[in-house]
Amino acid sequence: MTNADPFMAIADPNRRHILEDLRRGEKTVNELAAQLPISRPAVSQHLKALLDSGLVDVRSEGTRRIYVINRPGFDRMNMWLDQFWS
């Protein structure tokens with residue numbers, strides 16, 4: 001995980017929408033952009049913020065980049081939140 005704050009990353013509603021889409025399964029930038037009222041380059045910028053915060057991972061398949069939820073990133077957030085309920 002980099003220095004990017006995952007809580008800041010999820011503060012943006014477009015990023016939350018991207019995460020909700022990825023929760024249902026892996027997707028390309030084009031597939032994600034089709035579900036949002038923003039441009040494909042804007043989706044790419046949001047994905048970079050999610051990657052930097054450790055919430056999303058990416059792999060290449062030929063010329064396509066496939067994005068998926070990075071479970072360990074969410075596990076770290078959950079552990080931090082859980083300390084308030086213990």
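So if I place +1 on the C-beta of Lys and Arg and -1 on the C-beta of Asp and Glu, and nothing else carries charge, what would the dipole magnitude of the chain be about its Cα centre? I want it in debye, nearest 20. Spell out each step's value before the answer.
Working: 12 positive and 11 negative charges, 49 e Å.
For this selection, approximately 240 debye.
Using the scaling law 2.2 N^0.38 Å as the reference, what is the normalised Cα Rg of the chain? If you can, show how the numbers build up before the last one.
Numbers: Rg = 13.1 Å, N = 86, 2.2 N^0.38 = 12.0 Å.
The reported ratio for this selection is 1.10.
Ignoring ligands and nucleic acids, what accessible area does LEU51 show with a 1.4 Å probe (Å², nearest 10)?
My reading of the accessible area for LEU51 is about 50 Å².
Among the trypsin sites (Lys or Arg not before Pro) in the chain, which ones are in a DSSP loop with at most 11 other Cβ atoms within 10 Å of the Cβ? Mind listing them?
Numbers: sites: ARG15, ARG16, ARG23, ARG24, LYS27, LYS48, ARG59, ARG64, ARG65, ARG76; in loops: ARG24.
Filter output for the chain: ARG24.
With a cut-off of 8 Å between alpha carbons and a minimum separation of six or more residues, what is the relative contact order of the chain in percent? Show your work: numbers first, answer last.
Working: 91 pairs, mean separation 28.7, N = 86.
Answer for the chain is 33 percent.
Give the range of the longest stretch in the chain that excludes all chymotrypsin sites (Phe, Trp or Tyr not before Pro) found in loop regions by DSSP and having at most 14 other beta-carbon atoms within 10 Å.
Working: sites that count: PHE84, TRP85.
That would be 1-83.
The values are calculated or read from the model by the stated rules, or taken from the named source; none is laboratory data. Since the model is a prediction, treat every value here as computed from it, not as a measurement. Heads up, the Cβs are rebuilt from the backbone with ideal geometry, glycines too, and the neighbour counts pull from every protein chain shown. Accessible surface areas use protein heavy atoms only, side chains included; no ligands, DNA or RNA. Shrake-Rupley method; radii C 1.70, N 1.55, O 1.52, S 1.80 Å.
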